[in-house]
Amino acid sequence: SVVGLLVLLLGTAAGVVGWYGKSIYDALDSVDRQPSMLPSQNRPSPVATPEGQDHAPVNLVLMGTDQRAGETARGRSDVLMILHIPADRKKVYIISVPRDYWVSIPGRGTAKINAAYSWGGPALTLATLESLLDVPMDHVALINFEGFVEVIDTLGGITVYNRHDSTIDGTHFPVGEVELDGQTALKFVRNRYGLPNGDLDRAERQRDVIKAVIEKLVSTDVLTDPVRFNEAIVELGSQFTVDDTFTNQEMIDLG
């Protein structure tokens, strides 16, 4: 799944629609916060605040896992992205990390990067990214398949522009704007076969879905409907797991 970014969007909504503040704070309180999700040793030094800036850059790792309800195995990180927020806070950059990227995993040797989650959860995944990029990862947001579907359906579906004609498990996605509910969105972002650039095109689809979810969340249809807005925000918050250092106030400040 690709909607870890919505943890940050909860904070954004807190600033944009202050008159719905209670719903947003309730949603932030419902976010699951877990210890031991960040690496504990041999980490790059924190990035200093640049001269003339009020903030240091922030790197948030977004992870979608293939663990399903009832499964005991941790699974692998089916989607892995870095959300980079620069010091000037003027833009947000989303960097996709291909799940089959062959890398050195601390203490484990070399393997596909998505194996890091299977072996050591978010902490080992972040340690792997930090070793690879020599840049600290500040926070992590995690969601599984079921959570992804619930988020999209709660928003009433999304619209994305599809760049490549494809058919996945009987569902046809023509070139152009396509309407997606939770299940069809899951097919859309998981498929790589039949796409001209394989996993790179899949990563592009994942980024497109993130943008579509943002647009839907702040659309007039959602913002002007108090009941729908409340349901969407509360549902979003309950679907995420983040590190226990990622506080409500920091989410709101980043938003």
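For region 94-113, filtering for residues that are under 18 Å from the mean Cα position of the chain (by Cα), modelled with pLDDT of 90 or more and not β-branched (V, I, T) leaves 1. On the given criteria, is D221 under 26 Å from I95 (Cα atoms), part of a helix (DSSP H, G or I) and touching a Gly at 6+ places or on another chain (Cβ under 8 Å)? Criteria not met by D221. Checking T167, T171, T241, T224 one by one, the residue that is under 22 Å from S23 (Cα atoms) and either surrounded by fewer than 16 Cβ atoms within 10 Å (Cβ to Cβ) or in contact with a His (Cβ under 7 Å, 6 or more places away or on another chain) (or both) is T224 and no other. Annotation: of all residues in region 168-184 being in a helix (DSSP H, G or I) and touching a strand residue (DSSP E or B) at 6+ places or on another chain (Cβ under 9 Å), the one that is nearest to V151 (Cα to Cα) is Q183. Restricting attention to region 184-237, the residues being touching a helix residue (DSSP H, G or I) at 6+ places or on another chain (Cβ under 6 Å) and among the small types (G, A, S) number 3. Restricting region 174-205 to residues that are of a type in the set (V, I, T) and farther than 16 Å from S96 by Cβ, the residue that is most open to solvent (accessible area, probe 1.4 Å) is V175.
Only a single item in (1) out of contact with any helix residue (DSSP H, G or I) (no Cβ under 8 Å at 6 or more places or on another chain); (2) farther than 26 Å from I252 by Cα is not met by D138, and it is number (2).
It is to be established whether one or more residues within region 149-159 are of a type in the set (A, V, I, L, M) and over 13 Å from G182 (Cα atoms).
Looking only at region 149-159, we keep the residues that are of a type in the set (A, V, I, L, M), and these are 149, 151-152, 155, 158.
From the residues that got through so far, the ones that are over 13 Å from G182 (Cα atoms) too are none.
Checked against the condition, which is being of a type in the set (A, V, I, L, M) and over 13 Å from G182 (Cα atoms), region 149-159 yields no hits at all.
Does any residue of region 129-141 turn out to be aliphatic (A, V, I, L, M), more than 22 Å from P57 (Cβ to Cβ) and not in a loop (DSSP other than H, G, I, E, B)?
First, the residues of region 129-141 that are aliphatic (A, V, I, L, M): 129, 132-133, 135, 137, 140-141.
Checking the rest, the ones that are also more than 22 Å from P57 (Cβ to Cβ) come to none.
Checked region 129-141: no residue is aliphatic (A, V, I, L, M), more than 22 Å from P57 (Cβ to Cβ) and not in a loop (DSSP other than H, G, I, E, B).
The values are calculated or read from the model by the stated rules, or taken from the named source; none is laboratory data. All figures in this text were calculated on a predicted structure; none of them were measured in a lab. A quick note on method: Cβ atoms are made from the backbone with ideal geometry, for glycine too, and the neighbour counts reach across all protein chains shown. Accessible surface is based on the protein model in full, side chains and every heavy atom, while ligands, DNA and RNA are left aside. Shrake-Rupley method; radii C 1.70, N 1.55, O 1.52, S 1.80 Å.
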